[in-house]
Amino acid sequence: MALFFIAGMMYASWGVHVPTVRDRFHLNPALLSFALLAVAGGSITAMATNASWIARVGTRRACLTGGLMMAACAALILVVPAYWMLLIVLAVFGAGMATLDVAMNAEASAVEQTLGRPIMSALHGMFSVGGMVGAAVGGALLSRGMAPEMHLALTATLSALVLLVACPAVLPHVPHADHPDSATPRANRWRSPALWALGATALVALIAEGAMYDWATVYMRDVVLATPALASAAYAAFSGGMAAARFGGDAVRARFGAPQLVMVSASLACAGMIGALLLPYPFAALTGFTLMGLGLANMMPVLFAAAARVEGIHAAEGLAHVAGLAYFGLLLGPVIIGGVAQVTSLPVGLSVVAVCSALIAFAGPKVLRRLKI
């Protein structure tokens with residue numbers, strides 16, 4: 001839980017300073033977008049290349065390495081003197097985040113199987129809580145006059161200390177009887193239909209999730225014509241719904257099973273999005289975005305848990321494969337919605353989110369049942 005919290009807090013603390021980075025380096029929108037792309041590029045590259053290393057060295061070492069990489073880079077973001085150095089730091093930050101992400105989810109899968117009950121959703125809930133705490137505390141400290149460099153240095157130091165205290169309790173290696181070895185699974189994962197099916201489902205889910213993060217506030221402002229304060233509540237409604245559902249998702253999965261949880265959750269997300277689009281009024285839209293958060297919250301925990309259990313593939317290999325495809329969805333979502341909205345309108349663009357949710361409700365349970373998850 002500490003590792004998931006710290007990962008969410010560090011990522012949110014970086015997010016708070018995106019405007020600071022823009023102003024510090026005098027970036028136009030294109031250069032700022034390229035800086036943001038460096039984080040995603042570092043993450044995707046790490047997921048494509050370091051899964052076999054994680055399987056070889058074990059989750060404890062990988063969690064510590066990835067987390068310390070994130071912390072060190074967070075402290076450097078605002079002190080490097082040149083833009084090209086910033087790009088390198090952000091790429092390594094993304095690589096560290098991906099390493100920690102894969103390793104801690106592999107660890108979570110092993111602990112979940114040992115306990116004999118679902119815990120993955122609650123752990124992802126801790127990531128959400130860490131994100132909210134990181135953003136809220138960061139905003140409060142900055143509003144009280146703390147220098148941005150000091151805030152990131154403080155966050156990095158706290159994160160490093162928590163990692164050093166928590167990692168000795170992490171399993172040295174993820175023990176899977178059907179994943180005996182190490183090096184061969186990496187070649188196999190590219191030919192695994194199960195992983196591609198899970199990855200495609202994750203990609204579609206994060207197309208919807210990424211679109212909500214970037215476009216919900218714009219919809220409230222431009223279509224609902226809400227005040228700036230009310231428009232910003234769209235992000236809070238979606239995030240709050242996600243956090244709440246993640247802490248309840250494990251009990252539902254234990255009671256009804258993963259396929260049923262995915263079907264009901266995706267249907268709820270679809271209904272929420274349709275409601276927000278058909279009733280463009282503040283209360284209805286915020287209710288719809290909350291339902292979207294509730295519906296999308298447990299997609300990644302369930303899919304990651306399934307990826308870690310694909311027969312013949314090491315947990316780290318399976319997670320890296322599915323998470324890498326999911327990251328593409330997170331990048332594609334806002335772009336797809338923006339492109340459709342440019343040609344038609346924003347409500348039509350956001351209808352893509354409802355379509356993605358409907359696709360998951362239809363296909364997701366079939367994928368999970370085929371894997372007997």
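The values are calculated or read from the model by the stated rules, or taken from the named source; none is laboratory data. Keep in mind the model is a prediction, meaning the values are calculated, not measured. With ideal geometry, Cβ positions are generated from the backbone for all residues, glycine too; neighbour counts draw on all protein chains shown.
Observations on the structure shown:
- Considering only residues in region 201-240 that are in a helix (DSSP H, G or I) and without any contact (Cβ under 8 Å) to a residue 12 or more places away in the chain, the one that is nearest to the chain's Cα centre (by Cα) turns out to be 236.
- Looking at 56, 117, just one residue is outside any helix (DSSP H, G or I), in contact (Cβ under 8 Å) with a residue 40 or more places away in the chain and basic (Lys, Arg), and that residue is 117.
- Annotation note: of 262, 302, 310, the sole residue that is outside any helix (DSSP H, G or I), in contact (Cβ under 8 Å) with a residue 12 or more places away in the chain and among the aliphatic types (A, V, I, L, M) is 310.
- Any chance residue 86 is aliphatic (A, V, I, L, M), outside any helix (DSSP H, G or I) and either surrounded by fewer than 22 Cβ atoms within 10 Å (Cβ to Cβ) or at pLDDT 90 or above (or both): no
- Meets criteria (at pLDDT 80 or above and either in contact with a helix residue (DSSP H, G or I) (Cβ under 8 Å, 6 or more places away or on another chain) or farther than 16 Å from residue 324 by Cβ (or both)) for residue 202: yes
- Filter result (of a type outside the set (A, V, I, L, M), in a helix (DSSP H, G or I), farther than 23 Å from residue 325 by Cβ and touching a residue at least 40 places away in the same chain (Cβ under 8 Å)) within region 15-49: 20, 24
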